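Scroll down for the structure; my scribbles are underneath it.
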Amino acid sequence: MTERSLLILLAAGGSLALLLGAFAFQYLGGLAPCHLCLLQRWPHAAAVLIGILALTFRWRLLCWLGALAALTTAGLGAYHTGVERGWWPGPETCSGNSLAGISAQDLLDPTKNIAPVVRCDQIAWEMFGLSMASWNVIASLVLMLLWIAAARRQP
């Protein structure tokens, strides 16, 4: 295995590990993701797919796309961290008290199951003072560096 292939495997595998961790928190830990949490998952999924393609086709451009995917989820995580810390407002769909799209009749009907909105501006879990969104920023920036290192290596 070449050094470049190893870097790609580490970068894509890191995104896969972060995705699996997010699903474990959701399905095993019972922590429902908010809207911004879900958005942060998509670039990781793209990075896994990009990693498979990069290992198959060995195109340097794919490594740069992997770096862009990692930077995208890091950016989303930084935005989410700011929303959690109250540095700026988050989207109305998960930070406000909006009941948009729900009728009064539905709210009063006991047979309707209206799921509560998972708020983006509340920290559901943290370690060493950092939320999952903050940890995603750190991990994703490391993954971005791995992708860049892979892009700079010869195929």
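Give the accessible area for residue 127 in Å² (nearest 10); use a 1.4 Å probe, count only protein heavy atoms, and leave out ligands, DNA and RNA.
80
Considering only protein heavy atoms, what is the solvent-accessible area of residue 25 at a probe of 1.4 Å, reported in Å² to the nearest 10?
Using a 1.4 Å probe on the heavy atoms, I get roughly 60 Å².
Which one, 34, 7, 83, projects farthest toward the positive side of the charge dipole computed for the chain from Cβ point charges (K/R +1, D/E -1)?
7
With +1 on each Lys and Arg Cβ and -1 on each Asp and Glu Cβ, how big is the dipole of the chain about its Cα centre, in debye rounded to the nearest 20?
Approximately 740 debye in magnitude.
To test your reading of the geometry: what angle, between 0 and 90 degrees and rounded to tens, separates the Cα axis of helix 132-152 from the longest principal axis of the chain?
Roughly 20 degrees between the two axes.
Between the stretch 125-155 and the stretch 1-38, what is the separation of their alpha carbon centroids in Å?
With the stretch 125-155 and the stretch 1-38 each reduced to a Cα centre, they are spaced 11 Å.
For percent of Cα pairs over 26 Å apart, which listed value, (1) 37; (2) 23; (3) 27, comes from the coordinates shown?
(1)
Of all the accessible heavy-atom surface of the chain, with the other protein chains kept in place and a 1.4 Å probe, what percent is carbon and sulfur?
With neighbouring chains kept in place, the figure for the chain is 69 percent.
At a threshold of 8 angstrom on Cα-Cα distance, excluding pairs fewer than six apart, so keeping six or more, what relative contact order does the chain reach in percent?
Reported relative contact order: 37 percent.
Per residue, how much accessible surface does the chain expose to a 1.4 Å probe? Answer in Å², no decimals.
Accessible area per residue, the chain: 60 Å².
Among 52, 139, 127, pick out the residue whose Cα is farthest towards the positive end of the charge dipole of the chain, where Lys and Arg carry +1 and Asp and Glu carry -1 on C-beta, about the Cα centre.
Checking the options against the dipole of the chain, the answer is 52.
Work out the FRET efficiency for residue 142 and residue 2 from their Cβ-Cβ distance, taking R0 = 25 Å, and round it to the nearest 0.05.
0.75
The values are calculated or read from the model by the stated rules, or taken from the named source; none is laboratory data. Just so we're clear, the structure is a prediction, and the values are computed from it rather than from any experiment. Glycine also receives a Cβ, built like all others from the backbone with ideal geometry; neighbour counts cover every protein chain displayed. Note: accessible area is taken over every heavy atom of the protein model, side chains too, but ligands, DNA and RNA are not part of it. Shrake-Rupley method; radii C 1.70, N 1.55, O 1.52, S 1.80 Å.
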